[in-house]
Amino acid sequence: MGTIDDLSSYLDASRSPWHAAGSTAAALLEAGFQPLTAGDDWGEVPDAGFVVSGASVVAFRLAGDATAGTPQASRPTPFRIVGAHTDSPCLRIKPRPDTGQLGWKQLAVEVYGGVLLNSWLDRDLGIAGRVVLQDGSIAGITIDDAVCRIPQLAIHLDRDVNEKGVQLDKQQHLTPVWGTGAPRQGEFREWLAHQLEVDATDVGWWELCLFDRTPAAVLGADNSLLASGRLDNQLSCWAATDAIAGTTAADHHQVIALFDHEEVGSESTTGAAGPLLEHVLERISLARGGTRSAHLAALASSSCLSADNAHAVHPNYAERHEPGHRPIVNQGPALKVNANQRYATSATSAQSFQRACERAGVPWQVFVSRNNMPCGSTIGPITATRLGIETVDVGVPQLSMHSARELCGVEDPIHLAAAAASWLTGP
Ligand code: ZN
């Protein structure tokens, strides 16, 4: 079972969603999972395998010998799934980023997802993501240097900032500085090429995220907290990866699905609303000799644990929480319930998760938002809608969600990993 140091290493190595997918792939390889390519015909599937598609990963551990060789037509083999998302709100470099004025070189950025904008001010920012070269090859890149910064306006020039709050226009006020002098077109491309040790003409297109360079840190006099960027939702990606890497074969197929693009609505080729998971599940059933009818029967008796962080009660804003359903840090993952189906949890799926926690000896709690404060949503309802698989939404309680640097307890990620392993293997 993983430790908080393992999680910190995962977070520090995963400065972009593509790197999160890479961190999971590396852990799976080490655990003996075989890589598959989506474009190949999966005539046979290994006992444990995974496929990476963009910044998404689906990994599986097939049911054990009890069902191997038994035609699925006579015995549909259900799936036990854990889902999470690899992407986090951030700022991304635009295709033509060279800009600036008045002695400053600046980089044009686009806001990705629901960024807590003020949290990106006055941080030393690095750049990570992927670059497509002119020959079609893809280069992952992490530049862990202090490349740029979004300087906050001095209080002397914004006298009532502490009374009125920081007002930031996404187009005008978030453009980082990355040097001094007159900006020149093509400068960023040349700098990027230098980082990649290729010619500037070799650089094609990019998807690049800014990130806060501060590494993950255990915090508090009692070392009970963890501060890091991207806890939402790389924490759950780590827990899912740790869980499936450590299980043994069960009577059902075990699957983890880590999707990109949750923060922008999941509607993409590699998002939860796309066909990625559906296709992998069907390919597993077909490779095991099942019919389409047996596959649909398997789906009908499958279940999904959708893990995405929850809001812990904030000591300075306790009134923002529903008094009877406010998750407390380090008291276990929260079951997220919403009668209006912003979360997919049902009474029966909640019961299944409770049992998984009890088997693992893990505490759990319940989150329901206030009636006058609508909650966010997550991948749970989307996968449930797409696949018709019973789903429960859960998540580790955290503070500062969507900040460049978030905060959670050190015990809850371990609890979630244990609960996920119990979910994957349980009866
Ligand atoms: Zn999330």
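The values are calculated or read from the model by the stated rules, or taken from the named source; none is laboratory data. Just so we're clear, the structure is a prediction, and the values are computed from it rather than from any experiment. Positions of Cβ are generated from backbone atoms using ideal geometry, with glycine treated the same way; all protein chains shown enter the neighbour counts.
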TODO: Hey, can you tell me all the residues within the stretch 95-122 that are more than 16 Å from the ligand (Cβ to nearest atom) and surrounded by fewer than 15 Cβ atoms within 10 Å (Cβ to Cβ)?
DONE: Pro95, Arg96, Gln101, Leu102, Gly103, Glu110, Asp122
- [ ] Tell me which residues, restricted to the stretch 34-58, are under 14 Å from His252 (Cα atoms) and in contact with a Phe, Trp or Tyr (Cβ under 8 Å, 6 or more places away or on another chain).
- [x] Ala48
Open item on the list: I need the full set of residues from the stretch 1-28 which are loosely packed, with under 13 Cβ neighbours inside 10 Å and assigned to a helix (DSSP H, G or I), in order please.
Closed with: Asp5
TODO: Find the residue count for the stretch 202-236, including only residues that are more than 16 Å from the ligand (Cβ to nearest atom), under 24 Å from Asn118 (Cβ atoms) and of a type in the set (Ser, Thr, Tyr).
DONE: 1
- [ ] Filter the stretch 171-192 down to residues that are surrounded by 13 or more Cβ atoms within 10 Å (Cβ to Cβ), over 15 Å from Gln101 (Cα atoms) and out of contact with any Pro (no Cβ under 6 Å at 6 or more places or on another chain), then give me how many there are.
- [x] 4
Open item on the list: Among the residues that make up the stretch 195-215, is at least one of them of a type in the set (A, V, I, L, M, F, W, C) and farther than 22 Å from Gly22 by Cα?
Closed with: yes
TODO: Take Thr241 and decide whether it is in a loop (DSSP other than H, G, I, E, B) and buried (at least 17 other Cβ atoms within 10 Å of the Cβ).
DONE: no
- [ ] Would you be able to say whether some residue in the stretch 153-168 is in a strand (DSSP E or B) and within 28 Å of the chain's Cα centre (by Cα)?
- [x] no
TODO: Looking at (1) in a loop (DSSP other than H, G, I, E, B); (2) of a type in the set (Val, Ile, Thr); (3) over 24 Å from Leu107 (Cβ atoms), find the lone condition where Val198 falls short.
DONE: (3)
Task: Residue check for Ser377: among the small types (Gly, Ala, Ser) and within 22 Å of Pro427 (Cβ to Cβ) - done: no
- [ ] Might you check whether a residue that is in a loop (DSSP other than H, G, I, E, B), under 24 Å from the mean Cα position of the chain (by Cα), crowded, with 23+ Cβ neighbours inside 10 Å and on the phi > 0 side of the Ramachandran plot occurs anywhere in the stretch 212-229?
- [x] no
Open item on the list: Looking only at the stretch 257-272, count every residue that is modelled with pLDDT of 95 or more and more than 16 Å from the ligand (Cβ to nearest atom) and tell me the total.
Closed with: 0
Open item on the list: Just checking, does the stretch 59-69 include any residue being within 16 Å of the chain's Cα centre (by Cα), surrounded by 23 or more Cβ atoms within 10 Å (Cβ to Cβ) and outside any strand (DSSP E or B)?
Closed with: no
Open item on the list: Among the residues of the stretch 273-280, are any touching a Cys at 6+ places or on another chain (Cβ under 8 Å), at negative phi and within 16 Å of the ligand (Cβ to nearest atom)?
Closed with: no
Open item on the list: Among the listed residues Glu406, Glu358, identify the single one that is more than 22 Å from Leu258 (Cβ to Cβ) and at pLDDT 95 or above.
Closed with: Glu358
Task: Search result, residues across the stretch 1-14 that are over 11 Å from the mean Cα position of the chain (by Cα) and under 16 Å from Asp232 (Cα atoms) - done: Ile4, Leu7, Ser8, Ser9, Tyr10, Asp12, Ala13
- [ ] Quick one: which residue in Glu319, Glu267, Glu278, Glu263 is under 23 Å from Ala421 (Cα atoms) and acidic (Asp, Glu)?
- [x] Glu278
